[in-house]
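Quick note: the coordinates plus some simple rules give every number you see, no bench work behind them. Since this is a predicted model, take the numbers as computed values, not measurements. Here the Cβ positions follow ideal geometry from the backbone for every residue, glycine too, while neighbour counts run over all protein chains shown.
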Ligand SMILES: C[S@@+](CC[C@H](N)C(=O)[O-])C[C@H]1O[C@@H](n2cnc3c(N)ncnc32)[C@H](O)[C@@H]1O
């Protein structure tokens with residue numbers, strides 16, 4: 001290992017830190033040059049280089065995805081391969097620029113082409129078109145990207161974020177019913193996957209009356225109704241949101257099996273006849289004080305054999321992970337009152353609120369949701 005700087009560097013440090021020394025060693029040009037040539041480390045260096053480059057290019061990747069979705073290219077290609085000229089004409093983009101976008105989509109694994117003239121969807125591209133709510137979520141991200149445009153100002157809390165205004169209910173303000181409809185629709189589109197994973201993780205078969213607090217336009221309860229014949233289903237949400245649930249329940253023939261309670265969980269009482277409560281993508285919208293109050297209120301409304309089901313994307317806690325900590329944590333920070341919490345953190349809050357046991361089913365897709373099954377006794 002001639003020429004590799006292995007001496008610990010002590011500059012300005014009182015105690016020797018092995019990790020600090022290791023980081024300085026790996027960062028040194030001499031070490032990198034040596035490792036790039038040495039047969040055992042060569043592949044590792046290449047992989048690390050690619051991973052760093054992917055992080056650097058991540059913004060371009062997201063914008064390519066956004067452009068493909070905004071031009072509706074995944075949907076168009078669902079009918080079969082199309083030429084550059086046709087896609088360019090349909091999107092009103094010069095063909096030579098459309099060719100660049102299509103090659104970029106190919107490089108990212110969304111598109112494929114045999115001859116560089118006609119393009120088709122790969123399996124991932126087809127999934128993009130088919131995953132419920134994904135195209136809508138991607139388009140909605142323009143708001144998040146504007147909030148993150150200056151990340152230094154963002155982390156210093158110097159940005160008046162647009163997302164805070166997009167989700168006005170978290171501040172307890174009056175919500176315009178038209179705005180309420182927009183965000184309820186956005187949530188409902190992406191609810192199918194969340195409901196799928198929640199229903200796989202949680203057994204609802206013994207539940208008699210399930211109340212979905214913050215249940216939006218009722219998309220989750222409709223999925224529960226399809227999976228379980230028996231429970232009565234109660235939806236609790238703000239008065240501006242509740243009417244859209246009545247429509248959805250009527251469309252699904254569920255009007256008799258459902259009850260809608262319009263109110264705020266901050267100030268209005270919960271009904272006392274439910275034996276299970278679900279909070280699906282609700283806690284991460286709110287600050288700790290609001291979450292503590294809500295959990296106490298759920299505990300008070302449940303009988304001894306009662307259960308609380310929590311389902312939302314979560315932080316990895318001491319082992320941060322990509323979806324919870326490098327996406328949802330930033331999204332909820334931009335909302336200004338929200339917070340991505342770890343399963344352990346939420347379980348602790350549940351116990352403080354008076355719940356006794358918490359089960360942690362293994363999440364199928366942590367980027368979709370993680371569930372906690374919490375019992376009163
Ligand atoms: C992120 S959305 C989740 C909707 C639905 N559970 C889902 O996963 O699609 C949060 C929901 O909480 C509701 N909500 C927010 N504050 C509330 C409050 N104080 N009382 C009742 N519902 C509230 C909102 O109206 C919205 O429907």
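Observations, loosely collected:
- Under the simplified labelling scheme, the residue 115-residue 227 pair shows an inter-label distance of 4.8 nm, with each label point 7 Å from Cα along Cα→Cβ.
- Binned Cα-Cα distances of the chain, short to long, each 10 Å bin given as a whole percent: 4, 19, 25, 22, 17, 9, 3, 0
- Protection proxy ranking, highest mean first, for peptides 149-158, 239-248, 207-216, 120-129: 207-216, 239-248, 120-129, 149-158, where packing is the per-residue count of other beta-carbon atoms within 10 Å, averaged.
- Residues 119, 284, 327, 145, arranged from fewest to most other Cβ atoms within 10 angstrom of their Cβ, appear as 145, 327, 284, 119.
- Rounded if a/c under 1.5, otherwise prolate or oblate - the stretch 99-138, Cα gyration tensor axes: prolate
- Degrees separating the helix 177-201 axis from the principal Cα axis of the chain, which is the longest one: 80 degrees
- Taken over the C-alpha atoms, the stretch 217-352 has Rg and Dmax values of 15.8, 46 angstrom.
- Contour excess over end-to-end distance, with Cα ends at residue 153 and residue 43 and 0.36 nm allotted per residue: 35.9 nm
- Relative contact order %, the stretch 249-322, counting alpha carbon pairs below 8 Å whose residues are six or more apart: 37 percent
- Relative contact order (%) - criterion: Cα under 8 Å, at least six apart; region: the stretch 141-375: 19 percent
- For the stretch 56-214: rounded, prolate or oblate by the Cα gyration tensor [a/c cutoff 1.5]: oblate
- Ranking of 230, 141 by neighbouring Cβ atoms within 10 Å, starting from the fewest: 230, 141.
- Per-pair calculated FRET efficiency, R0 = 22 Å: residue 100 and residue 70 via Cβ, rounded to 0.05: 0.90
- In units of the rule-of-thumb radius 2.2 N^0.38 Å, the stretch 55-130 shows an alpha carbon radius of gyration of 0.99.
- The fewest-to-most ranking of 162, 50 by surrounding Cβ atoms within 10 Å reads 50, 162.
- Using alpha-carbon coordinates, inclination of helix 288-301 to the longest axis of the chain, degrees: 40 degrees
- In plain terms, the chain from residue 250 to residue 36 could stretch by 70.6 nm, reckoned as 0.36 nm per residue minus the Cα-Cα distance.
- Extension gain for residue 59 to residue 292 (0.36 nm times residue separation, less C-alpha to C-alpha distance): 80.3 nm.
- Modelled this way, with points 7 Å down the Cα-to-C-beta line, the labels at residue 29 and residue 367 are 3.7 nm from one another.
- Average Cα contact separation per residue, the stretch 55-130, under 8 Å, 6 or more apart, as relative contact order %: 33 percent
- With the simple spin-label model, which puts each label point 7 Å out from Cα in the Cβ direction, the residue 319 to residue 131 separation comes to 2.2 nm.
- Cα-based shape type of the stretch 308-349, given that a ≥ b ≥ c are square roots of the gyration tensor eigenvalues and the cut on a/c is 1.5: oblate
- Per-residue [θ]222 nm for the chain (sum of -39500 (n - 2.57) over DSSP H runs n ≥ 4, rounded to 500): -15000 deg cm²/dmol
- Rounded to the nearest 10 degrees, the angle from helix 343-352 to the longest Cα principal axis of the chain is 30 degrees.
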